[in-house]
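Peer 1: Below: one structure in structure tokens.
The values are calculated or read from the model by the stated rules, or taken from the named source; none is laboratory data. Nothing here was measured: the structure is a model prediction, and the numbers come from that model. Counting neighbours? That spans all protein chains shown, and the Cβs are built from the backbone with ideal geometry, glycine included. The accessibility values were calculated without ligands, DNA or RNA, using every heavy atom of the protein model including side chains. Shrake-Rupley method; radii C 1.70, N 1.55, O 1.52, S 1.80 Å.
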Amino acid sequence: CRRLPSLPSRSSCPMSAVGSSTSKEVLWSLFDVLKGSCLCALFVLGGGWQLYAETHRQLVTLRQWDPRFFFMVSITLLHALFSLVLSPFFMLCDHLGWFSAYKLHRSERMRPTRGLMVEALVEAVLGTLVITPFAAWALYPTFVKFGGEVMPVVRPPFVQSWVDFCLSELTNQFLFYWFHRIFHHRSLYKAIHKKHHRFVGTVAPASEFAHPLEAIFANTLPVILYSVVRGVHLCVFLVWLFWRVEETYEAHSGFCFSDSFLGRLGLLNGRKAVLHDWHHTENRGNYGTGMIFDGLFGTAEPFMKAGGWKAYKERALNQRGSASGGDHHDTGRDKENGKSK
């Protein structure tokens, strides 16, 4: 497909080209899983394990914290780092125009109302300070029952950690894809998933703005299932949660940092931000956190026919600040969800 300032028409992308481009996206997503898992395993191998061991020594060994309380506080603070620190930072960047070169286009209809933002922020605070501690406290017995360790006795080998991160990510992508796709079915969309799609143009507080059933089955279960059943060490679990939650907030931030210095080093998730931004603006396809399962199950086709992530990124960055072009009403978007996916 020829690269144009705006999204190319569907007819400009032959099916063979779409299939080839989709295959490349699937391979890129697989590489991204391997790369991210390797970086996480290297962090555990390096300073991550020492940092965890020293923190555990200071709080559990010396100050006699209960291991269950330590488990709860660790997960709650990690969640708060993103919901109460990174998310407001993205909002501040948006308000002050920082990193405007990486800001994706937002027309008037894509900007959330003040009331919607307040609703999302209140839910974020309650979710972080009330629901997360309660859920972590309740999860601890199951975590321990399956062999999860809290004591920093022996550092997990690099290969073991790398495999655990890979399988955690693949499990998450597979389960999230299917639960997300199911919630787009006409019988469930309006009652459950419509709440999340009230944000047409995503912002960081929208990351976890969801119906309780979606929060459990799409946002939580896919993330924790492998780690809990596998019985990974708490240090590995926390690093995995850091990777996953950071990716979620960046993907909803409304910024694409793929051309930044850190983005070019492969340390940020600009590509995924574009994929998910398209999902919110078009409300179809791109159900996964990457393109592996969208590619395998045929739901990447609309996005790829439209030119893929590069075409969308170019249009979104070139048109930022403009309210013209490509607007359509929510009713039209919701009709897509009246079809069986």
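Peer 1: Determine which member of the set Tyr249, Tyr312 is modelled with pLDDT of 95 or more and either farther than 30 Å from Pro156 by Cα or in contact with a Leu (Cβ under 9 Å, 6 or more places away or on another chain) (or both).
Peer 2: Tyr249
Peer 1: Here is a further query. Could you please find all residues in the stretch 55-90 being assigned to a helix (DSSP H, G or I) and open to solvent by 60 Å² or more (accessible area, probe 1.4 Å)?
Peer 2: Selection gives Arg57, Gln58, Thr61, Leu62, Arg68, Phe69, Leu77, Leu81, Leu84, Val85, Phe89.
The rows are residues; the columns are (1) within 16 Å of His105 (Cβ to Cβ); (2) of a type in the set (Ser, Thr, Tyr); (3) out of contact with any strand residue (DSSP E or B) (no Cβ under 7 Å at 6 or more places or on another chain).
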| residue | (1), (2), (3) |
| --- | --- |
| Arg244 | no, no, yes |
| Ser253 | yes, yes, yes |
| Val274 | yes, no, yes |
| Thr281 | yes, yes, yes |
| Gly290 | no, no, yes |
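Peer 1: So, Pro222, is that one closer than 18 Å to Ile75 by Cα and buried (at least 17 other Cβ atoms within 10 Å of the Cβ) or not?
Peer 2: Yes: the conditions hold for Pro222.
Peer 1: Out of curiosity, is Gly231 buried (at least 19 other Cβ atoms within 10 Å of the Cβ) and not polar (S, T, N, Q)?
Peer 2: It is false that Gly231 is buried (at least 19 other Cβ atoms within 10 Å of the Cβ) and not polar (S, T, N, Q).
Peer 1: Also: Would the stretch 234-251 turn up any residue that is without any contact (Cβ under 8 Å) to a residue 60 or more places away in the chain, over 25 Å from Met304 (Cβ atoms) and surrounded by fewer than 24 Cβ atoms within 10 Å (Cβ to Cβ)?
Peer 2: No, the conditions are met nowhere in the stretch 234-251.
Peer 1: Then there's this: Limited to the stretch 204-214, what total is found for residues that are in contact (Cβ under 8 Å) with a residue 40 or more places away in the chain and farther than 13 Å from Val245 by Cα?
Peer 2: Final tally of qualifying residues: 1.
Peer 1: Sticking with this one: Please return the ranges of helices (runs of 4 or more DSSP H) entirely within the stretch 97-203 where 2 or more residues are surrounded by 13 or more Cβ atoms within 10 Å (Cβ to Cβ), touching a helix residue (DSSP H, G or I) at 6+ places or on another chain (Cβ under 7 Å) and without any contact (Cβ under 8 Å) to a residue 60 or more places away in the chain.
Peer 2: Fully inside the stretch 97-203 and qualifying: 158-183.
Peer 1: Right, next: Return yes when Lys272 is open to solvent by 20 Å² or more (accessible area, probe 1.4 Å), out of contact with any Phe, Trp or Tyr (no Cβ under 8 Å at 6 or more places or on another chain) and among the basic types (Lys, Arg) and no when it is not.
Peer 2: No.
Peer 1: Moving on. For the stretch 283-308, what are the residues that are closer than 21 Å to Asn219 by Cβ and of a type in the set (Asp, Glu)?
Peer 2: Scanning the stretch 283-308 gives a single hit, Asp294.
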